[in-house]
1. About the Cα centre of the chain, what is the dipole size in debye to 20, counting +1 per Lys and Arg Cβ and -1 per Asp and Glu Cβ, all else neutral?
2. Accessible area per residue of the stretch 21-62 at 1.4 Å probe, in Å²?
3. Given Cα positions, please report Rg to Rh for the chain, the hydrodynamic radius being the Kirkwood one.
4. Could you pull out every one of the lysines with an alpha carbon less than 18 Å from that of K64, ignoring same-chain neighbours closer than 8 positions?
5. Looking at the chain, what % of its DSSP beta bridges pair antiparallel, to the nearest 5?
6. Rg and Dmax of the stretch 44-104 over Cα atoms: what are they, in angstrom?
7. Given contacts defined as C-alpha pairs under 8 Å and at least six residues apart, what's the relative contact order of the chain, whole-number percent?
8. Wrap a convex hull around the Cα atoms of the stretch 70-117, take a quarter of its surface area, and give that in square nanometres.
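The values are calculated or read from the model by the stated rules, or taken from the named source; none is laboratory data. The structure presented is a predicted model; accordingly, all values stated were derived computationally and were not measured. All Cβ positions, even for glycine, are placed from backbone atoms using ideal geometry, and neighbour counts span all protein chains on display. What goes into the accessible areas is simple: the full protein's heavy atoms, side chains included, and nothing from ligands, DNA or RNA. Shrake-Rupley method; radii C 1.70, N 1.55, O 1.52, S 1.80 Å.
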Amino acid sequence: MAMTCKNYVELIGVVGAIQNSVISGQKICRISLATNRAYKDSDGCAVISTTWFSIRFWETKECKIPEDLKKGDKLRVEGRIDVLKYVNPDGIAQTMYEIAAKRIEKIDQMEPLQMEE
């Protein structure tokens, strides 16, 4: 049986910081997005863990940056995970993971957080 490999991610979360700019005439939006996960720790206590993701979205004819996008909005993001490697000013090699979004969509409400088994 052949296995298909695919780099695809879908995130639903809350918008933090937003930075819009234009590079070579094309709009780009950088967003921080918070997602939550609920689980029970080893003692059985409920824990909610928040993970922040860095999102990069280049606007296209097919998918526009919402004009009224603001901090606190609920957002669905589809795209791929990019690995960015660079050397910091101290000469240390660094790795950063960023979501290269192909589609972003404002949503009215998120589904209630479900406890993971």
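1. 480
2. Per residue, the stretch 21-62 has an accessible area of 67 Å².
3. Radius of gyration relative to Kirkwood radius: 1.04.
4. Within the straight-line limit of under 18 Å, K64 reaches these lysines: K27, K74, K102, K106.
5. 90
6. 15.8, 49
7. 29
8. Quarter of the Cα hull surface area: 6.2 nm².
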